[in-house]
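Student: The structure that follows is given in the form of structure tokens.
Bear in mind these aren't lab numbers, they're just calculated from the coordinates by the rules spelled out. All values derive from a computational prediction rather than experimental measurement. No Cβ is skipped: glycine too gets one built from the backbone with ideal geometry, and neighbour counts run over all protein chains shown.
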Amino acid sequence: MTDRYAVIGNPIEHSKSPLIHSEFARQTGQDMEYGRLLGNLEDFPAEVRRFFGSGGCGMNVTVPFKEEAWRISSERSPEAESAGAVNTLSLGRGGELRGDNTDGVGLLRDLTENNGFELAGKRVLLLGAGGAARGVLRPLLEGRPAELVVANRTAARAAALAAASKAYGPLRGSGLDALAGGHFDLIINATSAGLAGAAPSLPDDCLAPHGWTYDMLYGEGQTPFCHWGAAHGADRTLDGLGMLVEQAAESFLLWRGVRPDTRPVICLLRRGRNVRREGDQT
Ligand code: ATR
């Protein structure tokens, strides 16, 4: 029988996960199908139980259910524990619900493996203090940057997140204004400002010469933060499409025990995006 997987979220219709996982399955010869589930805001735990109860093998969880998925997981990986959120669910040997979080590993793999960024010894700035920032803090610190600063529009939230995460390595919290003269080698945007078409407002000189910017969001065209990076002389301005594919590959590895090749899938998604963008202009 074909193994069943799904991504659950609300909204869900634009999720690229079914396309990504069906490409992985084709490439690795795995007999599986992967669908979309529109999660009910009132009834998430029951939906998860129904899916696994009817023979489902694994789920990806997206906005706004990642924290709730963490709460209902009876076993959690260290990555899920530190993120306070779960994006990958599976059943353990005894039928218990197991929660993982592959977002942080996905970011790290995209930065280092796909794009060749050397994190060790670098000065890194992480923007935002919500769930997206929290999910990548620990994996970033494991890359041994010289310094990691978490900065947020509401400075107190950044200070609280830094204090709560200090067991994972040296980091400090900051407001955005205090970043003037920071000269960071890498600035990662984990805020949701881009969803409203904006970039966080940053001092002009917080990016080092030859620094890179990474936006955890992605879109049809250049994101507002990639635009900010380009306008401030970044050597590279990366968006979150590679992270999306890499976090999916980590989930696939957890479920199937096989690591798919992510590069052709990243290329496929970028090509699809360009075609749509060109089509929009004509
Ligand atoms: P998520 O789970 O996606 O991280 P969240 O918990 O709502 O979502 O957090 C959103 C983050 O984006 C916060 O850090 C927020 O800053 P505040 O804590 O000051 O609200 C940040 N954010 C949203 N819009 C922003 C904007 N226009 N400029 C700067 N930061 C913004």
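Student: What area, in nm² and to one decimal, does the C-alpha convex hull of segment 121-182 cast on average over all directions?
Tutor: That works out to 3.7 nm², a quarter of the Cα hull's surface.
Student: Follow-up. Choose one answer from 162, 133, 193: the residue with the largest mean-square fluctuation in a GNM of the chain with alpha-carbon springs under 10 Å.
Tutor: 193
Student: Give me the three principal axis extents of the chain from the C-alpha atoms, as integers in angstrom, largest value leading.
Tutor: For the chain, the Cα spread along each principal axis is 59, 49, 34 Å.
Student: So, one more: What's the extension gain from residue 254 to residue 75 if we count 0.36 nm per residue and subtract their Cα-Cα distance?
Tutor: Details: separation 179, 0.36 × 179 = 64.44 nm, distance 1.43 nm.
Here the answer is 63.0 nm.
Student: Still on this structure, I have one more. Simple spin-label model, 7 Å along Cα-to-Cβ: residue 3 to residue 33 in nm?
Tutor: 1.6
Student: Continuing with this model, one more query. In what order do 48, 150 fall by count of nearby beta-carbon atoms within 10 Å, going from fewest to most?
Tutor: Lowest to highest Cβ neighbour count: 48, 150.
Student: For the Cα atoms of the chain, what angle does the longest principal axis make with the long axis of helix 241-256, in degrees from 0 to 90, nearest 10?
Tutor: 40
Student: Also: What trypsin sites (Lys or Arg not before Pro) does segment 106-214 have in DSSP loop regions with at most 14 other beta carbons within 10 Å?
Tutor: Details: sites: 109, 122, 123, 134, 153, 157, 166, 172; in loops: 122, 153.
Of the trypsin sites (Lys or Arg not before Pro), not one in the loops of segment 106-214 has a Cβ with at most 14 other Cβ atoms within 10 Å.
Student: Can you pull the one-decimal nm distance between simple spin-label points at residue 63 and residue 271, each 7 Å off the Cα toward Cβ?
Tutor: Roughly 2.9 nm, to one decimal.
Student: By how many degrees, 0 to 90 and rounded to 10, does the Cα axis of helix 263-281 deviate from the longest principal axis of the chain?
Tutor: With rounding to tens, the tilt is 70 degrees.
Student: With a cap of 11 neighbouring Cβ atoms within 10 Å, and only residues DSSP puts in a loop, list the GluC sites (Glu not before Pro) found in segment 48-97.
Tutor: Those that pass, being in a loop and sparsely packed, are 96.
Student: Can you tell me, using C-alpha contacts under 8 Å and at least 6 residues apart, the relative contact order of the chain as a whole percent?
Tutor: 15
Student: Any chance you could give the angle, 0 to 90 degrees and rounded to 10, that helix 155-164 forms with the longest Cα principal axis of the chain?
Tutor: Taking Cα atoms only, the helix is inclined about 60 degrees.
Student: Let me ask something additional. Compute the distance from the alpha-carbon center of segment 20-47 to that of segment 181-253, in whole Å.
Tutor: Spelled out, the Cα-based centre of one part sits 28 Å from the other.
Student: Please give the calculated 222 nm ellipticity per residue for the chain, where each DSSP H segment of at least 4 residues contributes -39500 (n - 2.57) and the sum is spread over every residue; nearest 500 deg cm²/dmol?
Tutor: Calculated from helices alone, the mean residue ellipticity at 222 nm is -11500 deg cm²/dmol.
Student: What's log10 of I(q)/I(0) for segment 176-282 at q = 0.11, 0.16 Å⁻¹, Debye sum over Cα points only, no solvent?
Tutor: Relative scattering, expressed as log10 I(q)/I(0), comes to -0.43, -0.80.
Student: Which Cα, out of 56, 121, 88, lies furthest along the positive dipole direction of segment 37-127 (beta carbon charges, K/R +1, D/E -1)?
Tutor: 121
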